[in-house]
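Single-structure report; data block below.
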There are 2 protein chains.
Amino acid sequence: MNISIIGAGNVAWHLAQALEKADCNINEVYSRDIAKAEELAEILYSTKAVNSFDFSRSNSEIFFICVSDNAIASVASQLILPEEAIVVHTSGTQPLQALDTVEAYKGVFYPLQTFSKEVKIDFSDIPLLIEANNNQVLLKLKDIARRISKKVLQVSSKDRLVYHVGAVFSCNFANHLWAMSKEILESENLDFEILKPLIAETVNKMLHSKHPAEVQTGPAVRNDTKTIFKHKDFLQDDEDLLKVYTTLTESISDWHRID
Amino acid sequence: MNISIIGAGNVAWHLAQALEKADCNINEVYSRDIAKAEELAEILYSTKAVNSFDFSRSNSEIFFICVSDNAIASVASQLILPEEAIVVHTSGTQPLQALDTVEAYKGVFYPLQTFSKEVKIDFSDIPLLIEANNNQVLLKLKDIARRISKKVLQVSSKDRLVYHVGAVFSCNFANHLWAMSKEILESENLDFEILKPLIAETVNKMLHSKHPAEVQTGPAVRNDTKTIFKHKDFLQDDEDLLKVYTTLTESISDWHRID
């Protein structure tokens, strides 16, 4: 399978390597910044770094767009592609229709994971959410996906949005709570490192539970109004912390009162 | 060192075993429900199960109160203790003063971790937060603490409250977000299991970061108003989910705008 990668960021970096390991041939890596394209091309087997959108002479069959969500439509519309090319984007938030401007077969190939260049990642456990508006394209994308991951799902644009909302709650919001927690401790010269074993075990417990609600602990779930009062009193001078504390405490009490 | 454990719940269960491994002798385990006390006494070396507060003939030096936060003061006031006894509670939320009703040396011995009977836990990585109003008692508690953990900290009641607030944000609130996330996916017949590798990697990234704010991702931090609008539109019929989404999204934007 001959492939081109448009983009040289975190997703491109990991996906290109995973595809190559799965016996795909990466012909070109595109970046506006040729140095970035070269950096990625160098760690691949036989790949050309390019900074032009003219792929008319490429013998790639599939073009993976791995650029930021807002740039997808614009990049897609500028591509000059060989005949019969398949263009896929790799975004969790963008519908398949983000590629409507392209005259080509279209698809989505979304790895549901967070990537950093420095952190090595085993693709075989990463869920790959696949979509296409053509059955042959769908089969081709599924075939590639199954070569690199054990978890391949056909997911509509609408359902992909729902997974993304779930990921925002589970990951983006949780991470922000950890940032707030660190600030709270450091405002009193206390060490966030002390909390890390507790955080690790909390996640571990949740990952092995039937439902996170079953392993919910803390003052809100046991309706410990005295402790909640002391916490709010401590947070009273920081409007933002107090608002997040109040909103989540109320949400936990409501949830567990109804159950 | 001769010790008695008041309580037979999750903390008592793990702490008693850790103390025994550190060459302490657990004389008695108390529970209102004698069957529970017996269950714990059975897995210990030479321990008597009791359901009376009369410890006047015990040769224990330290009495660990491992009961629910609200019961500490009441349990403490009912204890009949030998002379020179030290009474400690093991709560993150209660001040040392919760033991004011006891005529004995007093202290706090708080393992900052979440316990379940079924899950084995290595105490050596659990931070132990120690407090006492008497220097000799403090030294004795620190000595015991160091036998079972590498992380022993002397922490005032006020600072313990701050650690606890941090734990509420980091653990209780994060867990609730995971519960919400599961509900969001299941409301559309999607599978929360699909998100678990992403959650595990998000935590992993945070644990190895200098500051969680440095590894913050998602639509709020990149000010992706289009995606935020789509998410809110999807959540619009659920007041609680929408409120949590809005509060945390605003908090993330404010935080990263100021930085």
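Summary of computed values
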{"read-out": "If the convex hull is drawn through the Cα atoms of chain B, its volume per residue in Å³", "value": "165"}
{"read-out": "Along each principal axis, Cα extent of the stretch A:134-215, largest first, Å", "value": "60, 24, 23"}
{"read-out": "With all protein chains modelled, accessible area of A:Glu42 [1.4 Å, Å²]", "value": "150"}
{"read-out": "Under Karplus coefficients 6.51, -1.76 and 1.60, residue-wise ³J(HN,Hα) of the stretch A:120-128 in Hz, glycine/proline x", "value": "5, 9, 8, 5, 5, 9, 7, x, 10"}
{"read-out": "Rounded Å value of the spacing that divides the Cα centres of the stretch B:148-189 and the stretch A:36-65", "value": "45"}
{"read-out": "Long-range amide H partners of A:Val87 with built H, under 5 Å", "value": "A:Phe63, A:Tyr105, A:Lys106, A:Gly107"}
{"read-out": "Diffusion coefficient, µm² s⁻¹, Stokes-Einstein with Kirkwood Rh over alpha-carbon pairs of the stretch A:109-259 at 25 °C and 0.890 mPa s", "value": "131"}
{"read-out": "Net charge over other residues, Cβ less than 15 angstrom from the Cβ of B:Lys36 (K, R count +1; D, E count -1)", "value": "-2"}
{"read-out": "For the stretch A:44-177: relative contact order, % (alpha-carbon pairs under 8 angstrom, 6 or more apart)", "value": "18"}
{"read-out": "In sequence order, calculated HN-Hα J values of the stretch B:49-60 (Karplus, 6.51, -1.76, 1.60; Hz; x Gly/Pro)", "value": "8, 10, 10, 10, 7, 7, 9, 4, 9, 6, 9, 6"}
{"read-out": "Largest-first ellipsoid semi-axes for the stretch A:55-127, taking √(5λ) over the Cα gyration tensor eigenvalues, angstrom", "value": "23, 14, 11"}
{"read-out": "Inter-copy label distances at A:Asn133 (7 Å, Cα→Cβ; nm, one decimal)", "value": "7.5"}
{"read-out": "Computed E for A:Asp33/B:Lys151 - FRET, C-beta separation, R0 41 angstrom, nearest 0.05", "value": "0.35"}
{"read-out": "Relative contact order, percent, chain A [alpha-carbon distance under 8 Å, six or more residues apart]", "value": "11"}
{"read-out": "Nearest-ten-degree value, helix A:157-167 long axis tilted from longest Cα axis of chain A", "value": "40"}
{"read-out": "Rounded to the nearest 20 debye, dipole of the protein assembly as shown from Cβ charges on Lys, Arg, Asp, Glu", "value": "680"}
{"read-out": "Environment charge at A:Lys182 (Cβ cut-off 12 Å; Lys +1, Arg +1, Asp -1, Glu -1)", "value": "-4"}
{"read-out": "Radius, Kirkwood style, for the stretch B:195-259 when every pair of distinct Cα atoms is counted (Å)", "value": "13.1"}
{"read-out": "Surface per residue (accessible, 1.4 Å probe) for the stretch A:123-234, Å²", "value": "40"}
{"read-out": "Against the rule of thumb 2.2 N^0.38 Å, how large the Cα Rg of the stretch B:1-78 comes out", "value": "0.97"}
{"read-out": "Label-point separation in nm, A:Ala71 to A:Arg222, each point 7 Å along Cα→Cβ", "value": "5.1"}
{"read-out": "For A:Glu84, label point 7 Å along C-beta direction: distances to other copies, nm", "value": "9.3"}
{"read-out": "Approximate spin-label separation A:Asp191-B:Lys210, in nm, with each point projected 7 Å along Cα-to-Cβ", "value": "1.8"}
{"read-out": "Candidate residues A:Tyr105, A:Tyr163: accessible-area rank, largest first, probe 1.4 Å", "value": "A:Tyr105, A:Tyr163"}
{"read-out": "Cross-link table A:Lys182/B:Lys232; A:Lys196/B:Lys117; A:Lys142/B:Lys230; A:Lys36/A:Lys140; A:Lys150/B:Lys151; A:Lys232/B:Lys106, entries beyond 32 Å C-alpha to C-alpha", "value": "A:Lys150/B:Lys151"}
{"read-out": "Convex hull of the protein assembly as shown built on C-alpha atoms - directionally averaged projected area, nm²", "value": "26.1"}
{"read-out": "Share antiparallel - DSSP beta bridges, the stretch A:77-187, percent rounded to 5", "value": "40"}
{"read-out": "Reachable aspartates and glutamates from A:Lys205, criterion Cα separation under 16 angstrom, eight or more residues apart if same chain", "value": "A:Glu214, B:Glu118, B:Asp122, B:Glu193, B:Glu201"}
{"read-out": "Efficiency of FRET from Cβ geometry, A:Asp125 and B:Tyr45, R₀ 45 Å, rounded to 0.05", "value": "0.55"}
{"read-out": "Distance in nm between pseudo-label sites at B:Met1 and A:Asp233 (7 Å out along the Cβ direction from Cα)", "value": "3.2"}
{"read-out": "Across the identical copies, how the A:Ser156 labels are spaced - nm, sorted shortest first, 7 Å along Cα→Cβ", "value": "6.0"}
{"read-out": "By accessible area with a 1.4 Å probe, ligands and nucleic acids excluded, highest first: order of A:Asp54, A:Asp240", "value": "A:Asp54, A:Asp240"}
{"read-out": "Calculated log₁₀ intensity ratio I(q)/I(0) where the Debye formula runs over C-alpha points of the stretch B:6-148, q = 0.10, 0.16 Å⁻¹", "value": "-0.29, -0.80"}
{"read-out": "Accessible surface of the stretch B:109-181, 1.4 Å probe, proportion on carbon and sulfur as whole %", "value": "46"}
{"read-out": "Accessible surface of the stretch B:2-77, 1.4 Å probe, proportion on carbon and sulfur as whole %", "value": "42"}
{"read-out": "Order of exposure, largest accessible area first, which applies to A:Arg160, B:Arg147, B:Arg257 with probe 1.4 Å", "value": "B:Arg257, B:Arg147, A:Arg160"}
{"read-out": "Chain A: angle of helix A:174-187 to the longest principal axis, Cα-based, in degrees nearest 10", "value": "50"}
{"read-out": "Residue-averaged beta-carbon neighbours from other chains (10 angstrom radius) around B:225-236", "value": "3"}
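The values are calculated or read from the model by the stated rules, or taken from the named source; none is laboratory data. As the structure is a prediction and not an experimental result, all values here were calculated from the model. FYI the Cβ positions are ideal-geometry reconstructions off the backbone, even for glycines, and counts take in every protein chain you see. Side chains are part of the model used for accessible areas, which takes the heavy atoms of the whole protein and leaves out ligands, DNA and RNA. Shrake-Rupley method; radii C 1.70, N 1.55, O 1.52, S 1.80 Å.
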